[in-house]
1. Would you tally the residues in segment B:22-40 being closer than 18 Å to A:Pro185 by Cβ and in contact (Cβ under 8 Å) with a residue 24 or more places away in the chain?
2. So in segment A:22-37, with the set limited to residues that are hydroxyl-bearing (Ser, Thr, Tyr) and not in a helix (DSSP H, G or I), which one is farthest from the other protein chains (Cβ to nearest Cβ)?
3. Just to confirm my filter: which helices (runs of 4 or more DSSP H) fall fully inside segment A:438-546 and include at least 1 residues that are within 14 Å of chain B (Cβ to nearest Cβ) and free of Cβ contacts under 8 Å to residues at least 60 places away in the same chain?
4. So which of A:Leu384, A:Leu394 is within 23 Å of the chain's Cα centre (by Cα) and under 18 Å from A:Ser334 (Cβ atoms)?
5. Among the residues of segment B:547-563, write down those that are in a loop (DSSP other than H, G, I, E, B) and at the interface with chain A (Cβ under 7 Å from one of its Cβ atoms).
6. Kindly evaluate A:Asp448 against the criterion of being outside the structural domain of A:Cys211 (by TED's automatic domain parsing), within 28 Å of A:Val466 (Cβ to Cβ) and open to solvent by less than 30 Å² (accessible area, probe 1.4 Å).
7. Scan segment B:132-146 and give yes if some residue there is out of contact with any Asp or Glu (no Cβ under 9 Å at 6 or more places or on another chain) and charged (D, E, K, R), otherwise no.
8. Restrict the check to segment A:382-390 and report whether at least one residue is of a type in the set (A, V, I, L, M, F, W, C) and not in a loop (DSSP other than H, G, I, E, B).
There are 2 protein chains.
Amino acid sequence: MAAELTAHELIAKHRPTLDQALEAIRTRAYWSPHPEHPKAYGENGSLGAAEGKAAFDALLGGRLDLGQPGTDDWVGGEVSPYSLDLGITYPHADVDTLLPAMRRGQRAWRDAGAETRALVCVEILKRISDRTHEFAHAVMHTSGQAFMMAFQAGGPHAQDRGLEAVAYAYVEQVRTPETAEWTKPQGKRDPLALTKRFTPVPRGIALMIGCNTFPTWNGYPGLFASLATGNAVLVKPHPRAVLPLALTVQVARDVLAEAGFDPNLVALAAERPGEGIAKTLATRPEIRIVDYTGSTEFGDWLEANARQAQVYTEKAGVNTVVVESTGDYKGMLSNLAFSLSLYSGQMCTTPQNLLVPRQGIRTDEGPKSYDEVVTDLAAAVGGLLGDDARANALLGAIVNPDVKARVEAASALGEVALASREITNPEFPGAVVRSPVIVKLDGAKPDDQTAFMNECFGPVAFAVAVDSAADAVELLRRTIREKGAMTVGAYTTSEEVEEAVREACLEECAQLSLNLTGGVYVNQTAGFSDFHGSGGNPAANAALCDGAFVANRFRVVEVRSEV
Amino acid sequence: MAAELTAHELIAKHRPTLDQALEAIRTRAYWSPHPEHPKAYGENGSLGAAEGKAAFDALLGGRLDLGQPGTDDWVGGEVSPYSLDLGITYPHADVDTLLPAMRRGQRAWRDAGAETRALVCVEILKRISDRTHEFAHAVMHTSGQAFMMAFQAGGPHAQDRGLEAVAYAYVEQVRTPETAEWTKPQGKRDPLALTKRFTPVPRGIALMIGCNTFPTWNGYPGLFASLATGNAVLVKPHPRAVLPLALTVQVARDVLAEAGFDPNLVALAAERPGEGIAKTLATRPEIRIVDYTGSTEFGDWLEANARQAQVYTEKAGVNTVVVESTGDYKGMLSNLAFSLSLYSGQMCTTPQNLLVPRQGIRTDEGPKSYDEVVTDLAAAVGGLLGDDARANALLGAIVNPDVKARVEAASALGEVALASREITNPEFPGAVVRSPVIVKLDGAKPDDQTAFMNECFGPVAFAVAVDSAADAVELLRRTIREKGAMTVGAYTTSEEVEEAVREACLEECAQLSLNLTGGVYVNQTAGFSDFHGSGGNPAANAALCDGAFVANRFRVVEVRSEV
């Protein structure tokens, strides 16, 4: 097939972007090629706000035909957390037909080499970027994120994480040269001389299992890391968040075909209600890589059972913030209030346990007792979410009935410092919108420990009274070790306490944000700069993104012969 | 403790070596800082031949006290394959005392940073290099390798593999900067600004499980990769090959102490006969990394059971050479004869199955029938080993009774083209020395398939008659996929066949040597240039050495705070 998009064109168009991404992961300074502001779109081929909305609306009630082989049925039943029935159907695959078809294009994809693969991936991301407004609605109406968050986290931030993975994958593959001339002296005899050729080869077909809350942000790193290292990628979306990944697959297939490759290198595996195909797919011999974001239970199952594959998991943890002292009490409270509220705490990075010494803390506003700190934090959250319009814009919608049930049950766990408030969304009256609940617990009481030492995913925070800073650090350490943590925060003006918290995070392997009082939040990480997860505690076995995330997705085969 | 060996001194002494190693793994051109010739030693602080032999002799019958905590007994029972009773005892550890002691020095080792760790490792390797003559005897009298091979493979080549791992570990850790200033524009508002600090942190204690045949060569990559990435390393040698690794541990402990670190960062776990401590150690929660070389059965067990650890295994495979045609018949025969004979075929890289079309092959000496090829190869091996002195120098000794039994049983598997010959070693009359047996088998016969499709470790080669070149490639492909392969060789003058073999190796992920007729052999790989194993077929889950071998031995912890 004649490629409409040649390697030459791809290099001219995207090599500078790849080079900037390579520089960014090396310096970890701020960089992104993907604009965050909705108004930045609408020119140079990208969809503006109205066009994006229209494109999304045009999808509703229709069939998304990806042209995949082995499509034996059409499935789909997404109902938005905003109560919109998407009514879209997707191909249901006969995997015995689809998987062999996915392998057919692998040789050409392998032979294209690391640079062409990277630049095809950049082109896929560019086209997704151009449709960010459309993707924003798709992410909003599957995850329940509010529009602006769906736009940013589901759009540019997800694209950043995808491009970051492409950059890591590229640089890892070109660490070994394509050829080497090896000449070993033999004293007076002729030297031994070999020509060596090194080829990065894929492992096989990669399975990316998407999640409900961040289908693109959590899905793109694995998808693009696997594709850029030469693997075919089968995308198994969460049944409630199919659309953003189905659109992604569609774009990838279009670009692959235009670049002269087999579009079946990327395919979608949508499923019937209750079909549970992830287990079946993850243990198929053709599947050699699995990326997964979701529950600890299923992540552990994958690690134990998908033994024929490299398995990368982001599971769940219990995130802690140590509140020991601060030089900016108001800044701390507003920063924490925002972190607890954003997307109703439905982020794997949202703090759950706030450890506060029961004798109180030192602040720039004088000493504050444990009760005062909790009351003031409750007031800060209440103030932040007091206006319903702003509350809706920050909280989004509760993603599923389990989260709703947890919020409602949380108030029975202890003294409620801030009750969860039910908020109406005038645009989407069916949406379940809830503000965070803050519950006071005692770090010394066994019953309370049972509550706060388990993940309570959703808008639930525990203000845990501890005996001392040392007690807080010890509890932090135990929490990371036993339950894992995607994030840790700490507020302290004491060098000694800072050092103790830092040492606990270094030893237990968790990412630490210190004294955040401004516009950066503990639950947000930036592509190209921040690591998401550490891969070294029970919350996740991999970090986004580092060498380990890509290095084992391919192998290098050497062919050597005498000169 | 005041360091006798400062970071400054280490940089002045070893940074140039590290830089050369970094350049070598990038270009994969020939390089080694470790001389191969025995006469290169004896000056500048290194032991000469007589001094090395004397140092080895002085160890015999003694106790090797490493000064380890928790030593509850002294164990040892090594008897050389050359029948020398070493009579050396080693510390037996109470692991409940030793493991906690090994953790105590980890913080200082972590805080020393990647460069200091790398240079301490280079110093350890330098001191081992200086004692290469002593190590050569230790390797010879545990593995059964002949002296020259024990000297080279157990000395400079092993040291190369160790240094290569140090270089990979170093470069992987410094891919992320120590600090970053992240400044994100916010339109007209002040930019968001964070200071980020990144620290490579170890996983914990690494366990290196050594093998009988190549205690240093196969052991050093894992040992040094783990140590250079900040982990403590517990070395569990094979009970019949303790000495080379015990001496390694001793040197490492000395250097660590002199550089101001806790010597318990490296320790030995010798065991009582039949104690089988590898299983116990590998599943201890403190053990977070396992490196293993040995049987497929135990390697698979480790992968399935040491779930708390990163597990790197080199197991067993069935190595194939496709013999389809050659432009240098004599060169091919002598090259293959050497490969089959070296160390009595007791290398994981020795060819086992030689696939020869039953209608014969084209050569520069005219067509040769299958029978002629096999007869000529038998004659080449016979000629190479006709002289007993040369045979002893090449074959070494049979490492254990299992290998001896396999050689003896092999002649019953089919028509014997070359019988194994019993050779006397005048210096060590107790050594079991056997030349290779070559057995003719038919690739189309099920019974024969059963024989050649299983690893027959030792001096046993099968000349397998196949229907055609295509049949050979198909059998090669199936062998790699089902049994794994550390090496593949091929002889062909046909571009088409070469392409088919190469494609099979790329798809099944095996390292290929083409048309070797000179002084490089399919069973030898060079540090800094050749990959040993691919990590992509059942013979091994890792390759020596690449990014994937080191990238997951540490994690990066980020601490970020507002500017």
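1. Filtering segment B:22-40 down to residues closer than 18 Å to A:Pro185 by Cβ leaves B:23-24, B:27-40.
Subset that is in contact (Cβ under 8 Å) with a residue 24 or more places away in the chain: B:24, B:28-36, B:38.
So the count comes out to 11.
2. Pass one, segment A:22-37, residues hydroxyl-bearing (Ser, Thr, Tyr): A:27, A:30, A:32.
Subsequent filtering for residues that are not in a helix (DSSP H, G or I) retains A:30, A:32.
On the way: A:Tyr30: 5, A:Ser32: 9 Å.
This residue is A:Ser32.
3. Details: elements: A:446-452, A:469-483, A:495-508.
Fully inside segment A:438-546 and qualifying: A:469-483, A:495-508.
4. Numbers: A:Leu384 fails: within 23 Å of the chain's Cα centre (by Cα).
The conditions single out A:Leu394.
5. Within segment B:547-563, the first condition is being in a loop (DSSP other than H, G, I, E, B), and the residues that meet it are B:552-553, B:563.
Result: B:Asn552, single match.
6. Criteria met by A:Asp448.
7. Residues of segment B:132-146 out of contact with any Asp or Glu (no Cβ under 9 Å at 6 or more places or on another chain): B:132, B:135-136, B:138-140, B:143-146.
Of the ones still in play, those that are also charged (D, E, K, R) are none.
Within segment B:132-146, not a single residue is out of contact with any Asp or Glu (no Cβ under 9 Å at 6 or more places or on another chain) and charged (D, E, K, R).
8. So in segment A:382-390, the residues of a type in the set (A, V, I, L, M, F, W, C) come out as A:384-385, A:389.
Keeping just the survivors that are not in a loop (DSSP other than H, G, I, E, B) gives A:384, A:389.
For segment A:382-390, residues of a type in the set (A, V, I, L, M, F, W, C) and not in a loop (DSSP other than H, G, I, E, B): present.
The values are calculated or read from the model by the stated rules, or taken from the named source; none is laboratory data. Everything numeric here is computed off the predicted structure, so don't read it as measured data. Every residue, glycine as well, gets a Cβ built from its backbone with ideal geometry; the counts of neighbours run over all protein chains shown. Just the protein is used for accessible areas: all its heavy atoms, side chains included, with ligands, DNA and RNA removed. Shrake-Rupley method; radii C 1.70, N 1.55, O 1.52, S 1.80 Å.
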